[in-house]
Amino acid sequence: MDGSFPLPRIADNASPALDPAASPHPKVPATVGPEVPQILTQEGPRGIRFDFNDGARIALPPGQWRVRLRDLDTANVLFDGPSEGGVVASTKHWFIRFEMEVWEHGVSIFRHEYDARDKPVLLRFDRAIGDTIAWFSYAVQFQERHGCRMTCEMVPSLIPLFQGAYPHITLVPLGTPDPDQFYATYKVMVFFNDVKNDWQPYDYRADALHHMAGAILGLPRREARPRLAYDDPGRPLLEPYVCIAVQGSAQLKKWNNPTGWDDVVGFLKASGYRVICIDRNAVDGREHVLTSMPRGAEDQTGDKPFPERARWLKHAEFFVCVSSGLSWLGWAVGTPVVLISGFTHPHNEFHTPYRVINWHSCNSCWNDVRCHFSRTDFLWCPRQKDTPRMFECSRLITAEQVKGRIRQIPGFLGNQ
């Protein structure tokens with residue numbers, strides 16, 4: 001940077017000098033974000049320690065030091081300044097190919113460029129099922145690009161889907177890895193209130209859900225299905241069947257047309273299909289707002305293992321659903337997905353030629369940077385809350401529009 005701009009003192013959140021008598025190595029104070037090792041994991045000269053477990057971090061014993069952090073790919077100097085000891089840490093926690101250098105009394109004594117080859121790296125995924133399925137292919141790309149020894153922390157129920165397909169990647173349940181063993185750690189999830197983009201390079205609303213993992217991990221935006229490996233005893237039914245899933249974790253994720261699901265299920269049955277509901281809950285909602293399994297659908301609801309859900313989806317003729325974790329599982333197994341959603345823009349999810357949205361109604365609030373999501377509000381509807389237009393984004397999607405998409409599926413029995 002030229003001299004007209006002051007260098008940022010990285011660390012708005014860097015720790016002060018720490019008491020060296022309390023420990024043989026300085027410790028990092030608690031910060032917002034994932035659990036990270038308090039003692040930095042990598043050793044340098046003169047008692048210096050460093051790692052990339054919460055962004056770039058350098059711990060210095062008491063002395064007269066100068067520290068510089070640089071982004072090797074943009075050639076930007078991110079921090080350059082004196083330190084009398086303690087911890088210097090970057091404000092950015094997403095992947096940056098950092099270079100760190102330390103001088104003592106004007107002499108460079110330590111320089112390190114980020115290099116994860118053959119080193120242990122941890123990716124921490126969120127509890128969201130669909131997000132993890134959407135993002136896992138980026139974990140694979142990161143491992144391949146950097147040649148690291150990858151560990152992924154995830155919801156334990158998803159591990160049986162991936163472990164057999166990626167034996168070279170260690171998959172562990174949430175909360176189990178020892179943070180002291182890793183060269184680098186990255187938290188891969190959607191950060192709703194990351195105003196300064198410290199945890200993700202840009203606002204999650206500006207891009208597709210799955211591409212945010214690529215942004216956090218410094219990878220090209222590329223949609224790629226993860227490989228799945230699970231026991232599959234074959235078709236669960238001899239007759240042609242279609243899977244449906246009607247539930248979502250908030251009301252706006254559901255298809256709020258009051259007769260839509262019943263009409264579509266009747267249409268599918270009249271076309272020659274059995275219709276199987278694979279939601280976790282046959283009835284779901286909050287207080288007076290409940291969504292029930294459609295009339296005429298066969299009940300395969302319940303908290304069943306994901307390999308069993310994958311089996312039902314793999315052998316289905318197609319899958320009719322809302323934007324939820326199961327929609328991403330249907331995409332991952334390669335089944336045609338008829339995805340009904342108004343609150344997300346179609347670019348938010350995986351590509352499917354059978355995406356259903358009504359552009360005549362309010363739509364796409366999830367991808368509008370003016371709308372701030374509230375996890376605690378089951379009836380979140382940021383533009384039309386408590387008005388007659390509430391949830392019109394899906395309420396005005398008609399059964400006829402959904403049937404039209406279904407008729408476009410090659411081999412649809414109703415066309416014969």
Residue pairs qualifying under the 7 Å Cβ cut-off, at least six apart or on distinct chains, with the first in region 219-232 being closer than 16 Å to Glu144 by Cβ and in the same structural domain as Ala310 (by TED's automatic domain parsing) and the second being surrounded by 13 or more Cβ atoms within 10 Å (Cβ to Cβ) and modelled with pLDDT under 90, are none
Considering region 370-397, residues that are among the polar types (S, T, N, Q) and buried (at least 16 other Cβ atoms within 10 Å of the Cβ), and then whichever is nearest to Ser249 (Cα to Cα), we arrive at Ser394
With criteria (1) buried (at least 20 other Cβ atoms within 10 Å of the Cβ); (2) in a strand (DSSP E or B); (3) touching an Asp or Glu at 6+ places or on another chain (Cβ under 8 Å), Thr132 comes up short on (2)
Any residue that is in a helix (DSSP H, G or I) and modelled with pLDDT under 95 - is there at least one of those in region 98-105?
no
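Suppose the filter is at pLDDT 95 or above, under 23 Å from Asp207 (Cβ atoms) and not β-branched (Val, Ile, Thr); does Pro410 pass it?
No.
Condition test on Ala245, is it crowded, with 16+ Cβ neighbours inside 10 Å, within 25 Å of His347 (Cβ to Cβ), in contact (Cβ under 8 Å) with a residue 40 or more places away in the chain and touching a Ser or Thr at 6+ places or on another chain (Cβ under 8 Å)? Before you say what the answer is, go through the steps one by one.
Details: crowded, with 16+ Cβ neighbours inside 10 Å: yes; within 25 Å of His347 (Cβ to Cβ): yes; in contact (Cβ under 8 Å) with a residue 40 or more places away in the chain: yes; touching a Ser or Thr at 6+ places or on another chain (Cβ under 8 Å): yes.
Answer is yes for this residue.
The values are calculated or read from the model by the stated rules, or taken from the named source; none is laboratory data. Just so you know, these numbers come straight off a predicted model, no measurement behind them. When we count neighbours, we look across all protein chains shown, and the Cβ atoms used for this are built from the backbone with ideal geometry, even at glycine.
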